[in-house]
1. What full-extension length gain, to one decimal in nm, is calculated for Asn68 and Arg240 as 0.36 nm per residue of separation minus the Cα-Cα distance?
2. Take the Cα gyration tensor of region 222-293, multiply each eigenvalue by 5, square-root it, and list the three semi-axes largest first, rounded to whole angstrom.
3. At a temperature of 20 °C and a viscosity of 1.002 mPa s, determine how fast the chain diffuses translationally according to Stokes-Einstein, using the Kirkwood radius over alpha-carbon pairs as Rh; express D in µm²/s, rounded to the nearest whole number.
4. Write down the radius of gyration of region 63-160 and its Dmax, each obtained from C-alpha positions, in Å.
5. For region 54-193, which whole percent of the accessible surface, found with a 1.4 angstrom probe, sits on carbon and sulfur atoms?
6. If you project the alpha carbons of region 302-418 onto the principal axes, what extent comes out on each, in Å, largest first?
7. Per-residue HN-Hα couplings for region 411-417, Karplus 6.51 cos²θ - 1.76 cosθ + 1.60 at θ = phi - 60°, whole Hz, x for Gly and Pro?
8. Would you mind working out the accessible area per residue for region 349-420, using a 1.4 Å probe, and quoting it in Å²?
Amino acid sequence: MKKIPLITLQEAVLKVKDGDILLQGGFGMTGNPVHLMHALAETKTKDLTFIGNNVGEAGIGGGKLLRNGQLKKMIGSFFTSNPEAVKAAQDGIVAYELLPQGTLAEALRAGGAGIGGFFTPTSAGTDLAKGRETKILNDVEQVFIQGIRGNVAFIRAWKADTAGNLQYRMTEQNFNRAMATAADLVIAEVEEIVPVGDIAPEAIHTPGSYVDYLVQATLTLEDLGSSATVSSSKKASETRMNMAKRALKELSRGDVVNLGIGIPTLVADLITEDDGIILHTENGMLGVGPAPEDGGAMDYPVNAGKVPVTALKGSSYFDSADSFAMIRGKHIDVAVMGGLQVDEAANLANWAVPGQPLLGVGGAMDLASGAKKLIITMMHNEKNGDAKVVSLCDLPLTALKAVDMVITDKAVFEFIEGKLTLTEIMPGATLEDVRATTSAKFDEKL
């Protein structure tokens, strides 16, 4: 069995050259090779193309490289978690490319497998598909995405043996597994290094044939950024809880369900283990339980909102590429997501508002086009009174003809035989109010 060189952080970062494409594993700061990133920030290496789900947080991880001016381009899925990355992109300081989260994961998997690219229904008909080749396959419009490879990959694993076999902890597989396959040089930052044989063969997630160097580095709470500890949340209003309770009625025992951030997150607080509903989080977990009473990502898995959660009996962990394969492959029964607009044609806009400091699509496009049933929860109107159930979305689209149900604080709409149909009035609202505050035309079936 070969032995992988163990090197220092300083030796590792010298292997990154000016102008390199750098792949960085992690989801937020979970499974993030933060020590390698911070050591690289101490060098003069510049003009890097950074590829990762997000550019760390402000001044942490990739955020340090950004703050230092070492990045010339960012390719990722969710820059919003780092306001400095959003500003750098919108001000034209750093070039950027935004990819849906599942598309990014699959592009890395394709690059690592020697596949030139693939077609995916995700992002079809949206701004992110502009300039890309599209085809109709199996009667569905699909977008061509090239495989992604890098010069160097920095990844984080919890345990390695001296042959470079890696084992990840809980939801720390995320982008690490695919990135370990997709670079010319792979450096794994690990918490612990053990002799060959100490990791059971069936417990190895990344075989040592992918790994070139090991670096040992101990994780601290400070390295986890906003996921370090559980923070107390504000009590949800009665209006928002009513929407969550109504969404819960649509879920059945045995359903595999993905809940988005915002109002959908409240649904998780209502689900008990006895309900038999299996919660999925796109960063790599089935069987998500409630938030722990204390502790953080050092002790627990995290969900897609980067919030520590517990694992129910029968839970499983996997990487982001497998997670989005579940979504695109129609293995998610229901997705409950927030929305900015839904229109008469069942189109959804929920990821961007022109002029607003938001720059991240995350997994929204994958879920909207991939879940068997899509429920949107949102307030009926904007704060200025503008309708959010509209005749035609004028915000950037997330998915075409994808919405099955809309639950607002005033009403429930369903698409019945392709037509937007009012089926229920929410507590405290009236039919007259719904008619007056909805700009879309709709049928009524109360």
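1. Details: separation 172, 0.36 × 172 = 61.92 nm, distance 4.14 nm.
Full extension from Asn68 to Arg240 adds 57.8 nm.
2. On the way: eigenvalues 96, 59, 21 Å².
In descending order the semi-axes read 22, 17, 10 Å.
3. Numbers: Rh = 22.5 Å.
The diffusion coefficient I find is 95 µm²/s.
4. 15.5, 47
5. Working: 2340 of 4960 Å².
That share works out to 47 percent.
6. 44, 37, 23
7. Ordered by residue, 3J(HN,Hα) equals 7, 10, 10, 10, 9, 10, 6 Hz.
8. Numbers: 2880 Å² over 72 residues.
On a per-residue basis, 40 Å².
The values are calculated or read from the model by the stated rules, or taken from the named source; none is laboratory data. None of the values given here were measured: they were computed from a predicted structure. Counting neighbours? That spans all protein chains shown, and the Cβs are built from the backbone with ideal geometry, glycine included. For the accessible areas, the whole protein counts, side chains as well, though only heavy atoms, and no ligand, DNA or RNA atoms are used. Shrake-Rupley method; radii C 1.70, N 1.55, O 1.52, S 1.80 Å.
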